[in-house]
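Only the coordinates and a few stated rules stand behind these numbers; no lab work does. Bear in mind the structure is a predicted one, so any value in this text is a computation, not a measurement. Cβ placement follows ideal geometry from the backbone for every residue including glycine, while neighbour counts extend to all protein chains displayed.
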Amino acid sequence: MKRVLIFTHGSKDSRVDPMMSEYSVMRLRSLACHLPERIPIVCIGEGARHHHVASAALGLVSLRGYVPVRLGMEVRISAIFGTSASVEAYLGDKIVVFSSGRTSLKDVATLQDIAPVLRAKIVELPDGAVVCTGSEHVKALGVAHAKGASVYEVMISERMERTPRGESDMTRSIQEINLIDTAD
């Protein structure tokens, strides 16, 4: 069994592509005690709050404001783990506000659209990997009541199977996702 941790961002401030509130940063720092001793890779969404999680919970240093660095650690930044778009209420409708300030009444891809890709990326991560994302991504993985400013443990099984042609093939699947701790 492999173990991957997912840290979710907390409540936001009021900017476009917002950062987390100071309260959420403080609370998220308290979750760092759940980090493994060795982290082979950190996967971070593209939004400011995703990077803020990496900075607050993992103690990563930011160069040029966005690229977190820790010696010996691979960092992967991808929209699969979250974007800088934010869903806001406007005159009774939900609109998507992009980091550029542009808006849309409809998002290009929903989390249900990317859930299979997100699941496939997570099962391929090495043991001890950490993902920095939002609670909506955890919901897309099947956790109905996922929370912000929380840490989840994803248990992944790996087993060798024979293909119809007699070749060995590694099958990986998410066995369970557990809430370890929450700061919200």
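Among residues other than M155 with Cβ under 10 Å from its Cβ, the summed charge is 0 (Lys and Arg +1, Asp and Glu -1). Note on S173 and R159: their simple-model spin labels are 0.8 nm apart, each label 7 Å out from Cα toward Cβ. Summing +1 for each Lys or Arg and -1 for each Asp or Glu among the other residues whose beta-carbon sits under 13 angstrom from that of D169 gives +1.
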